[in-house]
Amino acid sequence: MNGAQSHPEIRPPADVLAILDRLWAAGHAAYIVGGSLRDLLLGREAKDWDLATSARPEEVQALFPGSLYENAFGTVAVGRDGLGAAVAGARPEPVQITTFRSDHDYADFRRPHRIEFADRVADDLARRDFTINALAWGADRAGESPRLIDPHGGLEDLGPRTLRAVGDPRARFGEDALRMLRAVRLAATLDGGIEAGTLAAIQARAHLVAHLSGERIGAEMERLLGAPRPSIGLELMASTGLLAVISPELTAQRGIAQNKVPGDDLWDHTVKAVDAVPAGRPAVRLAALLHDIGKPATIDEGPFRGHDAVGADLAAALLERLRTPRATAERVVALVRHHMFTYDPTWGDAGVRRFIRRIGRDLLEPLFALREADNLASGQAADAHGLDELRRRVREQLAGHVVLERGDLAVDGEDVMAYLELPPGPRLGRILDELLERAIADPAVNERGTLLAIARSLLENAP
Ligand code: ATP
Ligand code: MG
């Protein structure tokens, strides 16, 4: 179990090794730990590098001039170019060096309230969440050849990518409820699963997630939605009861019939839609998760009538709770609001331009991507109901430099005010709106003299 073994295949990048060397040379124990070692052992590219050391934060800072003491938890950030030597392949993210520590006094089911620095790597590994995150590779001093430390059987769990709590899972989730969300998130990002005892403990303690800040929940959701197949984590969230705490509205989708794919309920449809969006489009994935969030509440309104508008409000409230950055939240809510758009091939070009104006240029591509996912998750072709034709026609209009918004008109408010000797106000606004309508319908009128003449007649004929 507590096997310290040599692992010749572990080859950290040269600059990370150089940082370890400097710590060892100064008489400190130093190890690669956490997600970076896990990913290295899995043959994946590590996102960020975490080291743990016996050196105290001040000692680390003294060894790496220019480093930054980041927080109260003993973490010092060292720039990867901070060693003088230019190292090939260096990326900008600094290496996080954290003093060995043990955590104490958990209260409110969140984070430790007190930490204590420790001297041995084993103490530090014992506070970590899952066995595959509780491995260390390094040495206690210079001259000792680096070895893998695995006190909790992480190596064995790494093969099947099993999330197994370090120690008693119920106690560990009681200390910090975020670990339950980390478990489902890591199961998704690693394409793995959760060990039975750990899973049962999540089921028993899921309610504690209510004590976490929306921001921490939101951050884990964001990482989950970035996984190759988010459905792994979403299904686990639903089956463990975590989802019910975070979004009762989404949980209510379970059991609601869909006459789209035989045997699928609404939640199945949602989860499939999320998976169907490419991983590189996080906002569209979030929109796919939320696109039908209004359906359970509108189940009695004909066939979910108004679920897009109701859903947009519910989505806005949820994203606010999760502290989603405003720009992202607004886009996602707009996507939910517009996700029921329809296209009729008999539309003229003016109809296509009105569609573009209604949706807004920037939202068109994401909305089409959402519809593709929605189609696929409904058992249809990605481009069902003329989606590709609409896309092509939209592209044609956009390429034609046609009038789509006020800024595209050949006159602005100042021009119209001066010409009509009209003060600013609602009358002017109505005239500009009407000019825009006419120019969208017929681009030929978008010419200064024509627009001003139309403006004059609008003013004279106004009631
Ligand atoms: P990722 O690859 O997504 O960064 P990670 O496992 O590295 O995953 P981090 O948030 O970077 O996640 O955390 C680094 C390490 O710190 C983890 O591998 C784990 O050992 C430990 N850790 C993080 N959060 C917790 C927690 N809430 N409780 C216990 N240990 C934690
Ligand atoms: Mg990490």
Can you go through Gly74, Gly35, Gly43, Gly27 and tell me which one is under 24 Å from Asp176 (Cβ atoms) and either of a type in the set (Phe, Trp, Tyr) or at pLDDT 85 or above (or both)?
Gly35
For the range 412-426, state whether one or more residues are in contact (Cβ under 8 Å) with a residue 12 or more places away in the chain and surrounded by fewer than 13 Cβ atoms within 10 Å (Cβ to Cβ).
no
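Tell me which residues, restricted to the range 14-55, are in a loop (DSSP other than H, G, I, E, B) and within 16 Å of ligand 1 (Cβ to nearest atom). Reasoning before the result, please.
At the first step, the residues of the range 14-55 found to be in a loop (DSSP other than H, G, I, E, B) are 26-29, 42-49, 54-55.
Scanning the range 14-55 gives Leu42, Gly43, Arg44, Glu45, Ala46, Lys47, Asp48, Trp49.
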If we scan the range 116-134, do we find a residue that is farther than 23 Å from Ile10 by Cβ and within 24 Å of the chain's Cα centre (by Cα)?
no
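One line per residue, one yes/no per condition, for (1) at pLDDT 95 or above; (2) in contact with a helix residue (DSSP H, G or I) (Cβ under 7 Å, 6 or more places away or on another chain):
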| site | (1), (2) |
| --- | --- |
| Asn259 | no, no |
| Thr298 | no, yes |
| Arg305 | no, yes |
| Gly311 | yes, yes |
| Arg321 | yes, yes |
| Val333 | yes, yes |
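Let's see how each residue does on (1) assigned to a helix (DSSP H, G or I); (2) touching a residue at least 12 places away in the same chain (Cβ under 8 Å):
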residue	(1), (2)
Glu222	yes, yes
Val261	no, yes
Ala273	yes, yes
Leu286	yes, yes
Arg305	no, no
Gly311	yes, yes
Leu314	yes, yes
Ala317	yes, no
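The values are calculated or read from the model by the stated rules, or taken from the named source; none is laboratory data. Nothing here was measured: the structure is a model prediction, and the numbers come from that model. Cβ coordinates were reconstructed from backbone atoms using ideal geometry, including for glycine residues, and neighbour counts include every protein chain displayed.
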